[in-house]
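Before any comments, here is the structure.
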Amino acid sequence: MAESIPADATHGHDVHHHAEQSFWSKYVFSTDHKMIAMQYMFTGMAMALIGGFMAYAFRMQLAFPGIEVPGYGTVTATDYNALVTNHGTIMIFWVAMPVLIAAFGNFLIPLMIGCDDMVFPKINRLSYQIFLLSAIVLISSFFVPGGGFGGGWTAYPPLSAKGEYNLTSLGSSLWLVAVALEFVAFLLGGINFVTTAMNARAPGMKMFDIPIVVWLIVVASILFMASVGPLIAGAVMLFMDQNIGTAFFDPDKGGDPVLWQHLFWFFGHPEVYVVLLPAMGITAEIMCVFARKKMFAYKTFIYTTFGTGVLSFTVWAHHQFVAGIDPRMANIFTVTTLLISIPIAEMCFIYIATLYGGSIRLTTPMLWALAFVAEFLIGGVTGIFLGASGADIYFHDTYFVLAHFHYTFFPIAIIGTFAGFTYWFPKMFGKMMNETLGKIHFWGTIIPFNGIFIPLFVLGGAGQHRRIYNYQHFPDLAGVEMQDLRVFATVSLIIMLAFQLVFFYNCFISWRKKEKDAGKNPWKANTLEWTAESPPPHGNWPELPTVYRGPYEYSVPGREEDYYPQNVPG
Amino acid sequence: MRPIANTRMAAGIPTGRLAVWWVVASEIVIFGGLLASYIMHRIAHPEWGDQAANTNVWLGGFNTFVLLTSSLTAVLSHKAATAGNGPKAARLLYATCLGAVIFVCVKAFEWTTEISHGYTITSSTFWSFYYTAAGLHALHVIAGAIIMLLVAETAKKNLELHRVELIGIYWHFVDIVWIFLFPLLYIAK
């Protein structure tokens with residue numbers, strides 16, 4: 001396989017003898033990119049359980065107001081505010097970001113471009129440590145006087161700026177500190193990802209031999225670095241407004257609350273694409289492997305990604321149509337918002353064209369990948385209504401918006417993660433997962449997911465506003481007569497959460513298997529990570545590979561096997 | 001132990017330099033967001049000019065001169081490092097640090113005077129921006145000076161001389177931020 005010696009393997013010998021490591025240096029203070037990936041992955045999954053539990057608590061309150069929620073207790077109004085705020089924050093910043101960007105980025109980038117580690121392993125470790133600290137700060141905010149921040153995950157001032165409005169003055173400051181720390185962690189990680197992918201590629205690997213998922217994680221990291229700055233500045237400003245009494249967002253002293261909305265959404269909208277792109281990359285990898293077909297329009301897909309990235313900086317004010325911005329501005333942002341659906345639609349067509357005529361294998365990862373496209377499409381199409389400023393005036397802050405962004409973020413953060421996790425599980429642990437349990441878990445997640453959010457579309461269309469503690473008090477907002485739909489959504493949520501046990505059981509029994517039954521390349525895939533041992537040792541390969549072709553040479557005519565790994569000469 | 005990845009150069013740029021440029025890129029957006037917010041407010045509020053008149057243009061100008069001079073010594077240090085003269089590069093880095101110390105001292109004097117005249121960070125949105133933007137910049141000056149001392153410590157022994165260039169890139173960035181801050185906060189009427 002790796003007969004040819006890469007140019008830089010000459011000083012590989014003194015690098016690659018490793019002493020047995022202690023528990024602490026192997027699992028906790030490791031600089032190995034795969035171990036850091038696992039740390040991010042499992043921290044993210046633990047946070048997903050916390051975020052899911054929060055959703056369970058406040059959905060119970062909405063379906064059965066005032067009841068004693070089993071496992072939580074009574075949800076008071078202050079609790080409710082803190083739960084919905086932190087559910088959103090956790091699911092985006094402590095689940096989608098660490099799992100999709102940091103965990104898959106760390107695991108895949110060095111393995112897929114054929115090098116032994118990230119270019120800055122210690123900065124990589126520091127990135128995870130800061131991230132872990134940020135998670136601890138966020139969780140600790142629940143245990144301070146007043147409880148966790150209750151001003152909504154978008155933290156609009158003046159509600160977020162004054163303790164006497166949000167009733168959680170210490171919680172709101174800790175929330176800001178946690179978010180800012182988390183951004184620092186991902187800036188460090190992002191610089192590592194971009195530099196590694198630019199500089200540390202295997203000999204022979206040209207720009208357009210890089211697998212799609214690496215491309216998309218790198219573009220997402222660049223989007224993150226280019227968009228998060230204003231919000232870091234904004235977080236500093238809001239923190240000082242809260243604690244020192246500065247006047248940035250305080251209208252009494254000449255400040256402007258809408259400024260925060262601009263700073264937040266200038267980051268917040270590209271952020272959608274920061275987490276979307278890795279999920280799309282994972283989907284692309286899986287579809288090519290399980291359709292046994294070359295990626296349709298590989299270069300177009302990448303150029304489309306660049307287009308999406310550039311456009312994503314021009315759409316942010318569509319979150320602010322009712323915030324008192326100039327209607328002429330609203331027209332411009334309507335046009336840019338509708339424009340950005342073009343590259344995303346194009347990417348979906350590329351998926352379909354890749355599948356067309358392929359010999360499709362409906363394995364668990366493939367099911368997740370197909371579901372990603374189908375469900376994300378619903379999220380995308382409902383976004384058209386909200387991007388058009390006229391319709392948005394009616395839909396703004398209703399459950400229609402809520403259902404829309406859950407139809408985008410759930411496919412990204414949950415479906416995308418399960419797709420990637422089930423696909424690369426054999427590489428991560430050297431063992432195959434159980435397919436039957438995988439499919440039970442798949443259907444047990446997808447069907448209840450639609451059961452949760454389709455009723456919420458209906459409720460939103462009927463005028464149900466977000467962030468209300470008890471709808472029985474608001475008969476004008478479809479409060480009383482549509483209670484059945486709320487109960488239906490809550491029951492669906494409980495079913496979906498229960499089916500996650502199947503996933504954890506499946507992980508556990510697969511991980512416990514004595515025999516490493518995956519081999520190097522169980523899916524017969526082309527990309528470089530499948531030429532390493534499963535799981536790859538520290539340093540990944542005894543001799544680093546050399547690359548001879550693109551990543552998607554499946555079913556090449558005249559070849560006996562239907563795949564053609566990137567590192568095979570000829 | 002340095003991974004092989006760190007020694008590769010597929011993009012044709014040394015990894016350290018590439019990374020520092022990405023750091024600078026992400027910093028530009030942080031200051032960019034802050035300054036863009038300030039400029040938008042400033043255009044909408046011409047009366048801020050009266051408040052800005054209370055800043056000390058002469059001291060600000062002196063600090064601009066100090067920072068520009070420190071950039072000159074940073075460049076000379078890079079030149080010495082390229083020539084392989086580590087001790088000379090280290091001495092020039094110490095000179096750059098001296099510039100940073102003078103800058104921060106002048107800043108401290110300015111702020112004390114302004115605060116004693118009653119212009120504090122909570123007085124108005126202009127003063128909030130003034131102290132936040134200049135304070136964030138001053139933090140970058142202090143951080144840069146500390147890193148520079150560490151780089152000088154190794155450069156003195158003729159080790160890791162490429163780091164002199166990296167801290168130089170960062171120092172020029174800090175300098176250029178001030179070139180934007182000075183006219184925006186002090187001069188614009």
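The values are calculated or read from the model by the stated rules, or taken from the named source; none is laboratory data. Treat the numbers as computed from the prediction; the structure is a model and nothing was measured. All Cβ positions, even for glycine, are placed from backbone atoms using ideal geometry, and neighbour counts span all protein chains on display. For accessibility, only protein heavy atoms count, side chains too; no ligands or nucleic acids. Shrake-Rupley method; radii C 1.70, N 1.55, O 1.52, S 1.80 Å.
Along the positive direction of the dipole of region B:15-187 (beta-carbon charges: Lys, Arg +1; Asp, Glu -1; about the Cα centre), which of B:His140, B:Ala80, B:Val57 reaches farthest?
Ranked along the dipole, the leading option is B:Ala80.
Carbon and sulfur: what percent of chain A's accessible surface (1.4 Å probe)?
Accessible surface attributable to carbon and sulfur in chain A totals 70 percent.
Helix hunt in chain A: which complete DSSP H runs extend at least 24 Å axially by C-alpha with mean Kyte-Doolittle at least -0.5?
Helix filter hits for chain A: A:33-63, A:121-140, A:169-199, A:212-243, A:257-291, A:327-355, A:364-387, A:435-461, A:483-512.
Equivalent-ellipsoid semi-axes (√(5λ), Cα gyration tensor) for region A:229-269, whole Å, largest first?
They are 18, 12, 5 Å, listed largest first.
Using the heavy atoms of the protein chains alone and a 1.4 angstrom probe, what is the accessible area of the protein assembly as shown per residue in square angstrom?
Using a 1.4 Å probe on heavy atoms only, each residue of the protein assembly as shown averages 39 Å².
Hey, got the dipole for region B:15-187? About the Cα centre, +1 on K and R Cβ, -1 on D and E Cβ, debye to the nearest 20?
So the magnitude is around 660 debye.
Which of the GluC sites (Glu not before Pro) found in region A:488-570 are loop residues per DSSP with 15 or fewer other Cβ atoms within 10 Å of their Cβ?
Answer in residue order: A:Glu515, A:Glu533, A:Glu543, A:Glu560, A:Glu561.
Averaged over A:117-123, how many beta carbons belonging to a partner chain fall within 10 Å of each residue's beta carbon?
That average works out to 5.
Using +1 at the Cβ of each Lys and Arg and -1 at the Cβ of each Asp and Glu in the protein assembly as shown, identify which of A:Leu176, A:Leu187, A:Tyr564 lies farthest towards the dipole's positive end.
A:Tyr564
Would you please put B:31-38, B:119-126, B:139-146, A:103-110 in order of how densely packed they are, using the mean number of other Cβ atoms within 10 angstrom per residue and starting with the highest?
A:103-110, B:31-38, B:119-126, B:139-146
Principal axis lengths of region A:387-486 from Cα atoms, whole Å, largest first?
Here the spans come out as 56, 31, 18 Å, largest first.
Along the charge dipole of chain A, which of A:Phe488, A:Pro545, A:Leu259 sits closest to the positive end, that is, farthest toward it, with unit charges on the beta carbon of Lys, Arg, Asp and Glu (+1, +1, -1, -1)?
A:Pro545
Check the straight Cα-Cα distances from A:Lys524 and name the lysines below 26 Å, setting aside those fewer than 8 residues away within the same chain.
Within the straight-line limit of under 26 Å, A:Lys524 reaches these lysines: A:Lys34, A:Lys206, A:Lys293, A:Lys294, A:Lys299, A:Lys427, A:Lys431, A:Lys439, A:Lys513, A:Lys514, A:Lys516.
At 1.4 Å probe size, with the rest of the protein present, what percent of the exposed accessible area of region B:15-187 is carbon and sulfur atoms?
76
Whole angstrom only: what separates the Cα centroid of region B:11-53 from the Cα centroid of region B:118-189?
Here the two parts' Cα centres lie 12 Å apart.
Any idea of B:Ser70's accessible area? Nearest 10 Å², probe 1.4 Å.
Number for this one is 0 Å².
With the calculation restricted to Cα positions, what are the radius of gyration and Dmax of region B:15-187 in angstrom?
17.5, 55
Per the helix-only calculation at 222 nm, which mean residue ellipticity applies to the protein assembly as shown, given -39500 (n - 2.57) for every DSSP H run of n ≥ 4 and division by its residues, nearest 500 deg cm²/dmol?
-22000 deg cm²/dmol
Could you give the distance between the Cα centres of region A:378-430 and region B:95-117, to the whole Å?
Here the answer is 50 Å between Cα centres.
Tell me, Kirkwood radius of region A:465-506 from alpha-carbon pair distances, in Å?
12.1
Average partner chain C-beta neighbours within 10 Å, per residue of A:536-544?
The shielding value for this peptide is 1.
Looking only at Cα atoms, what is the convex hull volume of chain A per residue, in Å³?
Cα-based convex hull of chain A, divided per residue, equals 153 Å³.
Could you compute how much accessible area chains A and B hide from each other, both sides summed, with a 1.4 Å probe? Nearest 100 Å² is fine.
3200
What number, in percent, do you get for the relative contact order of region B:14-145 if the mean sequence gap of Cα pairs under 8 Å and at least 6 apart is divided by its residue count?
Value for region B:14-145: 23 percent.
What's the magnitude of the charge dipole for the protein assembly as shown around its Cα centre, counting Lys and Arg as +1 and Asp and Glu as -1 at the beta-carbon? Answer in Debye, nearest 20.
It works out to roughly 1380 debye.
Using only the alpha-carbon atoms of region A:280-329 as identical scatterers, what base-10 log of I(q)/I(0) does the Debye formula give at q = 0.16, 0.30 Å⁻¹?
The Debye formula, applied to the Cα set alone, gives -0.63, -1.09.
What's the percent breakdown of Cα-Cα distances in region A:104-233 across 10 Å bins, shortest bin first?
Each 10 Å bin holds this share of Cα pairs: 13, 33, 26, 17, 9, 2, 0.
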